[in-house]
1. For the pair residue B:42 and residue C:37, how long in nm is the line joining their label points, each one 7 Å along Cα→Cβ?
2. How far apart, in nm, are the 7 Å Cα→Cβ label points at residue A:379 and residue A:547?
3. Test of understanding: what is the full-extension gain from residue A:81 to residue A:510, defined as 0.36 nm times their sequence separation minus their Cα-Cα distance?
4. So if I restrict to the alpha-carbon atoms in the stretch A:1-114, what is the Rg, and what is Dmax, the biggest pairwise distance, in Å?
5. Need one word for the stretch A:503-602: rounded, prolate or oblate. Basis is the Cα gyration tensor (sqrt eigenvalues a ≥ b ≥ c); a/c below 1.5 gives rounded, then a/b vs b/c decides.
6. Can you give me the distance in nm between label points at residue A:158 and residue A:59, each placed 7 Å from the Cα along the Cα-to-Cβ direction?
7. Could you let me know the centre-to-centre spacing of the stretch A:528-556 and the stretch A:617-644, using Cα atoms, in angstrom?
8. What base-10 log of the normalised intensity I(q)/I(0) is obtained for the stretch A:361-499 from the Debye formula, alpha carbons as equal point scatterers, at q = 0.11, 0.12, 0.13, 0.19 Å⁻¹?
């Protein structure tokens, strides 16, 4: 019954999306059309219904209703409740329902909140959102129905991959999906603006908070995913340039570029066509990523249950939406002039440079991801991995970071570098000292070296906008920018340090023996069997001490799950301010000897601290923008009120 | 049943249902140098650098340096024993490429099948330069 | 901005769609093929993997007779699935020798007792050395070796009933 309720809600939501689309189109002909009044309520209702359907899916998973195919295929009665719930979106159908739910809810939010744009543009935007939604409803209802029943209830579920039975599954996918799908709003805004020829600073201001919101979640989702992979996979790697990771990075790159070009458009009425283009590209990258992962045409460890029919379906959707938007762009963007002019030394120019670099990185990631696919067509198999992505990416990242140091200090429109001589000299001096220190103390590879030095420079430079300002008067959004840029410096420092200074120790030790890695001494005190709700494990009791200090116990495990049967390693970490000790207990390596894998990774948590800082910077910027908007709206309505009073 | 985990490799950006080939696990202990470092730190560093650029054939998108697959362990054993015997890392890579083709190596090499990987980023640099230059000049 | 540049994104995207569509329409395999086809078997001399079959070394391939080299393991599920096909090949007079990957003698004996023993020789490859030498990336795999010890063909995955006559033809071709 519950599954049927969910399915019915989905059909209703799809019908409302159709209504919203028709209303939006009719309103373009005749803005007074009575149907146009229905668009906003339809969008809100649609969001509520989709959320209801998702709730029903959570309920069938919570109950482990084994007559529902999806539950039988992906869940198990003995799983802890939290993983039963999270398991609802740990599979293709459930995650597509999550996708559509977020899309419908963001559609509902713009319908409820956005009042700045001309009504015609708003209706076109909502129509675009509904049009995209319809395709995904069709996909869900016709080829990936999550509520499908089995003719006979299954005796027991097949279980969820043990690697996924982790708190990471609760946070990472929903966060990332809010990011991916939130970008659909930017897409719809771009299409709406093109259709009604309203590419104005107001359009950028209207779009910006939504992009910012999606971008915050995307940043958090990628950061969380990276940390999850780091501690779950047991080898200390935090980024693998796997196609699926790249699929999450590409929308982030596009959204980052979009945020910056939107500020140029909002502040200076320039970069109109470019901003529109990025709005289209950002969500396109979300969809392309989804396609690559789920169609099975790329080999990835994240392989979903691969189904060519699904692949074809998504490809058709891609062709319609992205192709349609790009066609519209080709037809209309020519009529959009590029807007105001600016000089080489100006805030705009720095932002343009940043945009070009971000797009170039996006291009490289896309190229590296797709390239093995291209050569496969000629029956040649090649591998493109970290040794390619790291240096080629750095080729664009490093110049971008240099410009990031200067950009926020520049004035809009026209400025001179000589005005900034003092702060820039300070930054340059700091970098030179850092370079010398590292070169003298411990020689490291060229990429980590540049990374360390640039992160130092950026950390200092990103604080420079505070110089000589009254801190209390500084807009919240500016604080946000400073924090986000500082976060990039922090993350870059963590990455470079991990790559330059990590130390590894593999050892086969008996109980009572010790091994050391970097400043750490690790004693294997005991190995004991232990058990969880759906697994048994061997747990290593490790006594670890830093530079001979007091010992601390950590307990890495080697777990055996039984549904499905699989072994996972649960690493144990000790975090200090200056790095992390990473310990894994492996298999028995001969009689009475246990395999220990130990890493000392100086400053590695800075990677994720940086990611969180970047996201927090986004939150501050969002608060700042929304607060400024509300203020403006109040002033406007007050002056309108005054005017009506005067007239009276 | 560790094999399943090993075949999976990474899990990072998205949460997903994994397709698990049904394959059991051998019961032999790992090869001597699968999980044991060489005593000479310089040689070990060489071996580590090489292993990070060799692809694990049983897992996807992972190097043999971070995989628990038995075959990756056996490949690490090969790499470490050959390095210890004084073999040049690039000779070991060539030995593997002779057997598995370029697929086994992540090291970027410009060849007739991979040149676009290097030419296209250069074109992007060029394009970016032209775009920036024209914009700045027009607006200057 | 020139007008034509506005169409570049659409053109690139169309290219991508055409390519993706074409990729979707063709069957994909994830096999890593050996590049040792046409080359001689490397030098190896393995100990016997089980008590009732002799060991395996490169010299055993140099008697002028083509044969199959089966790479298998007792712990591998598809290896059991291909046992009837190997048996059928043996009954057709094919000489099949094997390399057992990372296996214990007891496990090999139990596996052969259960699924049949079509092999004339079985070598034990505890460190996957021979496997790496011949460019094999998994179990099971079956190589056609000619009478001079040259690798002529590689079959990846289990041998299906339909593959038996194909392998017979391959053996005939290198005679």
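Derivation of every value follows stated rules applied to the coordinates shown; laboratory data play no part. This one's a predicted model, so the numbers in the text were calculated from it and none came from an experiment. All Cβ positions, glycine included, derive from the backbone under ideal geometry; neighbour counts span all protein chains shown.
1. The modelled label-to-label distance comes out at 4.4 nm.
2. 6.2
3. Extra length from residue A:81 to residue A:510 when fully extended: 150.7 nm.
4. Cα only, the stretch A:1-114: 16.8, 58 Å (Rg, Dmax).
5. On the way: a/c = 2.04, a/b = 1.59, b/c = 1.28.
Here the stretch A:503-602 falls in the prolate category.
6. So the label points at residue A:158 and residue A:59 sit 2.6 nm apart.
7. 54
8. These q points yield log10 I(q)/I(0) values of -0.53, -0.61, -0.69, -1.12.
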